[in-house]
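Below you'll find the structure, written out as structure tokens, and then a few comments.
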């Protein structure tokens, strides 16, 4: 079968980590037997953060966007970048599909001449699936839509226009793929008629990394308030006397960096916080897996690939109870602990139990890896994705 993948979040020359999970799923589907080509919606307008940073940053961001090659080969997979312009995300994200549709339509027509695709797989209802549905070439094949969380936690609840756009795309999709059962329930409430849970995966390293000398709590995530890095930092403060050598390693970047640095100074933990910034995916994985515990008590967490990536390396993980992703990971096996969202004391108690008992931590990490091996490999994801394509074609 021939599959055209359409995505907004996908690795680029200036940001090779962005949407790496979509790329890995495309590779997994290819390895499972599908013939895959990728079209990436590439917005040529710098983000507002660049505007706030000053003229120099704005010019640099604009140049980086313009410099993106229109075609690339990533891991022997053909990827085409489809440029479009649109108003700011905060005001018009629900309508980005309309802005992207003209250039996407031309790209789909050009692709179809050389690659008569059988299925279109759009990552997210908005803007990707919405843009596909606005093109004749996109409507020429069955549409599969993956819901990763943004549609149901951000776009639809934010405004009436967002809900209409998400509902329109999910209602017209032949099949909706959700990254967890909780996400599937949200998609069903927004009009999805047929849903399947297709969990993302990770590679299984032959062995864990060489552990850090100091007890290290790790989070790999964009520095955004919903990821609740501050809860981990406050839990570390609670444990400052019981675990005087423990530290917190954060891999990722984002708007909360300054706030985290300020809080660390206020708590007297500046020497225990390391902000490593955004790193290439393989480097981030290798560094994270040298830690002792992975903690990300995030909210609105539809899945959380970072959890299973850490668990594959033998790290026990801690997430927030009631969130679709962590809840499902914990239900499928051991190695994932859940604490009430926003409960710093409960988080500190769980960290204390893992940091204070080497045998308990080792066993929890071993079971975490077993859970990933049974349920969260890329091979399993690829097989499930190709099966979904086949179902959509019937």
Tell me, which helices (runs of 4 or more DSSP H) lie completely within region 312-390 with 2 or more residues that are in contact (Cβ under 8 Å) with a residue 60 or more places away in the chain, under 12 Å from residue 297 (Cα atoms) and not assigned by TED's automatic domain parsing to the domain that holds residue 29? 324-332, 344-356
For residue 110, state whether it is part of a helix (DSSP H, G or I), at pLDDT 95 or above and under 22 Å from residue 177 (Cβ atoms). no
Quick one: is residue 216 closer than 30 Å to residue 358 by Cβ and touching a strand residue (DSSP E or B) at 6+ places or on another chain (Cβ under 6 Å)? yes
Restricting to strands (runs of 3 or more DSSP E) lying wholly in region 117-229: which have 2 or more residues that are within 30 Å of residue 351 (Cα to Cα)? 216-220
Selection from region 334-344 of residues under 21 Å from the mean Cα position of the chain (by Cα), closer than 21 Å to residue 200 by Cβ and surrounded by fewer than 22 Cβ atoms within 10 Å (Cβ to Cβ) yields 338
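Specify which of the listed residues (347, 355) is closer than 14 Å to residue 292 by Cα and over 20 Å from the mean Cα position of the chain (by Cα).
Result of the check over 347, 355: 355.
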Index of the failed condition, residue 316 passing every other in (1) crowded, with 20+ Cβ neighbours inside 10 Å; (2) under 20 Å from residue 233 (Cβ atoms); (3) modelled with pLDDT under 95: (3)
Restricting region 23-47 to residues that are part of a loop (DSSP other than H, G, I, E, B) and surrounded by fewer than 18 Cβ atoms within 10 Å (Cβ to Cβ), the one modelled with the highest pLDDT turns out to be 33
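Report yes if residue 271 is at pLDDT below 95, in the same structural domain as residue 353 (by TED's automatic domain parsing) and either surrounded by 24 or more Cβ atoms within 10 Å (Cβ to Cβ) or not in a strand (DSSP E or B) (or both), otherwise no.
no
For residue 223, state whether it is surrounded by fewer than 23 Cβ atoms within 10 Å (Cβ to Cβ) and under 25 Å from the mean Cα position of the chain (by Cα).
Spelling it out, residue 223 is indeed surrounded by fewer than 23 Cβ atoms within 10 Å (Cβ to Cβ) and under 25 Å from the mean Cα position of the chain (by Cα).
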Tell me, which residue of region 280-304 that is in contact with a strand residue (DSSP E or B) (Cβ under 7 Å, 6 or more places away or on another chain) and part of a helix (DSSP H, G or I) is nearest to residue 330 (Cα to Cα)? 288
Counting only residues that are surrounded by fewer than 15 Cβ atoms within 10 Å (Cβ to Cβ), touching a helix residue (DSSP H, G or I) at 6+ places or on another chain (Cβ under 9 Å) and under 16 Å from residue 133 (Cβ atoms), which one in region 162-211 is modelled with the lowest pLDDT? 193
Region 230-264: number of residues that are closer than 25 Å to residue 282 by Cβ and in a helix (DSSP H, G or I): 3
Those residues of region 1-17 which are modelled with pLDDT of 95 or more and closer than 21 Å to residue 303 by Cβ, in sequence order: 5, 6, 7, 8, 9, 10, 11
From the options 101, 131, 106, residue that is free of Cβ contacts under 8 Å to residues at least 40 places away in the same chain and in contact with a helix residue (DSSP H, G or I) (Cβ under 9 Å, 6 or more places away or on another chain): 101
Across (1) over 30 Å from residue 390 (Cβ atoms); (2) surrounded by fewer than 21 Cβ atoms within 10 Å (Cβ to Cβ); (3) in contact (Cβ under 8 Å) with a residue 60 or more places away in the chain, residue 258 clears everything bar (3)
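The values are calculated or read from the model by the stated rules, or taken from the named source; none is laboratory data. It should be emphasised that the depicted structure is a prediction, and the values quoted were computed from it without experimental measurement. All Cβ positions, glycine included, derive from the backbone under ideal geometry; neighbour counts span all protein chains shown.
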